[in-house]
């Protein structure tokens, strides 16, 4: 017998979002960690706003929303706000009621500068990392560093000579531009859309794109991100960022190790590591040259372990580019994209931590 379609009617319901999210949903393991991290940075969040005036959207909502955008591959903040209107899981994660309306997407724009000014994203990242350290998920001795190119939110058609003050040619947003035979270099050309983005290519024969460079410092025990940076794309950016991230680690008398690919095999970089009491477990680059890594390092068993472990850093970049939408950046300027990178790394760590903390329970079962 064919059932009859009935029109939906507005009825009173006593259900809450918490009752509708499955008890075994993976995000349930993430939410408590986020709650403790937000509690840890609550003093900073309180300083961000005046005690007088109209109440704003709670900053906790913006931070949680940034995590959901990365976790669920949401393309934009506007799309997130549209989905928040009807997605009960999103409302549950933000501690909203079913009937609470979604906030406007301009809320992200209006509060972004405040988040940058108070360095909230980095403090939030550090608070989540502190939770991992409390659970003994982090290695304090063995690390891996790597970098990757991230395509900027700017078209190659926007690249013009720096000394060209003329108006761009007419033709609409996707105008025709003929730059055949023109040699474009970062020293002489820049994008009018994102002047901080640099012309860069991955290797010989590869396509040149406007790019930034992302850098990740990973601990080797469980593959968690302990630091992340976004810089301009230059030939020395990877090694310079690696040194800066090492300097930001907690001071430790015991010697550390740092794994890296052959792009880091330079005498200056190896010397910088040894000066910081760090053993350079860098892959040897002896292709037509002499490697800066000699037998004193490669003969140790720990070197082989680091070379095996360092490949896990590619999982971080793979997740960032595919799940978190980082294949092409969505913001203009290094500061805004750095904010995005920190939220994205926090989301990645939360996914890893939830899986790692669930393993003993599964083993017992």
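Odds and ends about this structure:
- The listed residue being buried (at least 19 other Cβ atoms within 10 Å of the Cβ), assigned by TED's automatic domain parsing to the domain that holds residue 296 and either closer than 30 Å to residue 154 by Cα or touching a strand residue (DSSP E or B) at 6+ places or on another chain (Cβ under 6 Å) (or both), out of 229, 200: 229
- Top-ranked residue in segment 238-275 [being under 23 Å from residue 221 (Cα atoms), modelled with pLDDT of 95 or more and out of contact with any strand residue (DSSP E or B) (no Cβ under 8 Å at 6 or more places or on another chain); ranked as surrounded by the most Cβ atoms within 10 Å (Cβ to Cβ)]: 239
- Of all residues assigned to segment 301-315, at least one qualifies as being farther than 29 Å from residue 271 by Cβ and surrounded by fewer than 16 Cβ atoms within 10 Å (Cβ to Cβ).
- So residue 130, is it crowded, with 18+ Cβ neighbours inside 10 Å, touching a residue at least 40 places away in the same chain (Cβ under 8 Å) and either out of contact with any helix residue (DSSP H, G or I) (no Cβ under 6 Å at 6 or more places or on another chain) or within 23 Å of residue 345 (Cβ to Cβ) (or both): no
- In this structure, residue 73 does satisfy being within 18 Å of the chain's Cα centre (by Cα), in a loop (DSSP other than H, G, I, E, B) and in contact (Cβ under 8 Å) with a residue 40 or more places away in the chain.
- Residue 83 meets each of the listed conditions (1) without any contact (Cβ under 8 Å) to a residue 40 or more places away in the chain; (2) under 28 Å from residue 135 (Cα atoms) apart from (2).
- Boolean, residue 215 is at pLDDT below 90 and in the same structural domain as residue 145 (by TED's automatic domain parsing): no
- Taking the conditions (1) in a loop (DSSP other than H, G, I, E, B); (2) at pLDDT below 95 in turn, residue 46 satisfies each one other than (1).
- The helices (runs of 4 or more DSSP H) located wholly in segment 235-335 that include 1 or more residues which are closer than 25 Å to residue 209 by Cβ and free of Cβ contacts under 8 Å to residues at least 24 places away in the same chain occupy 237-247, 313-322.
- Restricting attention to segment 202-223, the residues that are touching a residue at least 12 places away in the same chain (Cβ under 8 Å) and on the phi > 0 side of the Ramachandran plot total 1.
- Test result for residue 283, touching a helix residue (DSSP H, G or I) at 6+ places or on another chain (Cβ under 6 Å) and surrounded by fewer than 18 Cβ atoms within 10 Å (Cβ to Cβ): no
- Given (1) under 18 Å from residue 38 (Cα atoms); (2) assigned by TED's automatic domain parsing to the domain that holds residue 34; (3) not in a loop (DSSP other than H, G, I, E, B), number of the condition residue 95 does not satisfy: (3)
The values are calculated or read from the model by the stated rules, or taken from the named source; none is laboratory data. As the structure is a prediction and not an experimental result, all values here were calculated from the model. Here the Cβ is made from the backbone with ideal geometry for all residues, glycine too, and neighbour counts use every protein chain on show.
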